[in-house]
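**Student:** Take this structure first; my questions come after.
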Amino acid sequence: MNGNQYVDIFATKGIEYLFVIGFLLTLIVFWRFLNRPSVRAGSGVNAIPPEALPWFRIVDGVYFHQGHSWAAPAENDLIRVGIDDFAQKLIGPIDALEAPPEGATVEQGDIGWRLRAGSKSIPLLSPVNGKVLAVNEDVMNSPHLINQDPYGKGWLLLIESSKKKSTLSNLLSGRLATFWMEETIDALRRRIEGSLGPLLQDGGVPISGFARTLSPESWEEIASEFFRTGT
């Protein structure tokens, strides 16, 4: 039939259909973005905000044990150890250090010392293997140094380790330590969800020693979980 021409609308409209599909996909992504959960200070949502990570400070040149103790290599076979910023802020004001005597042996992952806070004696795990060469007498006399400067003047023990390199290789440092701390904060948020609201100070970060404001049973469970001293 002259003058009649068959038109394949699927061929001529193919590009338009692709644009429509692309638009719909973009709309879905945008809708999900607008409806994502929101965490705001004072909103009643019990979550630790991103600002909490700087609040739990970590430093370069230090190796971290997952029980929240740290080790810093010194000269020869010596290693200086202490507790990290997360631990001291979880515990709050520290009243005393119960340290092993000079010459004692500590084992990585075993209880290395205890901190006394109020009526509680809190065991912490040693990050390294070795022999205790010295205890920080300044901390013994002024335990508040642990809270003021946990990675500096608040160090606890000086350890001599014949396996310095291998014992440090079992610890976390650098980006791996940062990632671990982020995971720790997320775990803490989940662990105390429903109880964190009253424990936030201005700016949305937890108050120092906030875990101690919980019930004794909850505090013991949190300390046991995050310091890895539970059975």
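**Student:** Among the residues of region 137-153, count how many are without any contact (Cβ under 8 Å) to a residue 40 or more places away in the chain and under 17 Å from ALA87 (Cβ atoms).
**Tutor:** Going through region 137-153 one residue at a time, the tally reaches 5.
**Student:** Select from region 88-108 the residues that are closer than 14 Å to ALA71 by Cα and in contact (Cβ under 8 Å) with a residue 60 or more places away in the chain and list them in ascending order.
**Tutor:** Listed by number, the list holds a single entry, GLN108.
**Student:** Another one. Condition test on ALA96, is it within 18 Å of ASP149 (Cα to Cα), among the small types (Gly, Ala, Ser) and surrounded by 20 or more Cβ atoms within 10 Å (Cβ to Cβ)?
**Tutor:** No, not satisfied.
**Student:** Next question. Do you know which residues across region 136-158 are touching a Leu at 6+ places or on another chain (Cβ under 7 Å) and buried (at least 18 other Cβ atoms within 10 Å of the Cβ)? I'd like the intermediate steps shown before the answer.
**Tutor:** Here is the first cut: in region 136-158, the residues touching a Leu at 6+ places or on another chain (Cβ under 7 Å) are 136, 138-140, 143, 153-154, 156, 158.
Residues satisfying the conditions are ASN136, VAL139, PRO143, GLY154, LEU156, LEU158.
**Student:** Which of the residues belonging to region 110-119 are closer than 24 Å to PHE56 by Cβ and either of a type in the set (Ser, Thr, Tyr) or in contact (Cβ under 8 Å) with a residue 60 or more places away in the chain (or both)?
**Tutor:** Quick first cut of region 110-119, residues closer than 24 Å to PHE56 by Cβ only: 111-118.
Selection gives ILE111, ALA117, GLY118.
**Student:** Additional query: Which ranges mark the helices (runs of 4 or more DSSP H) fully within region 88-197 that have 1 or more residues being under 28 Å from ASN76 (Cβ atoms) and of a type in the set (Asp, Glu)?
**Tutor:** It comes to 137-141.
Every read-out reported here was derived from the displayed coordinates using simple, explicitly stated rules and does not represent laboratory data. Bear in mind the structure is a predicted one, so any value in this text is a computation, not a measurement. Quick reminder, even Gly has a Cβ in these numbers, built from the backbone with ideal geometry, and neighbours come from all protein chains shown.
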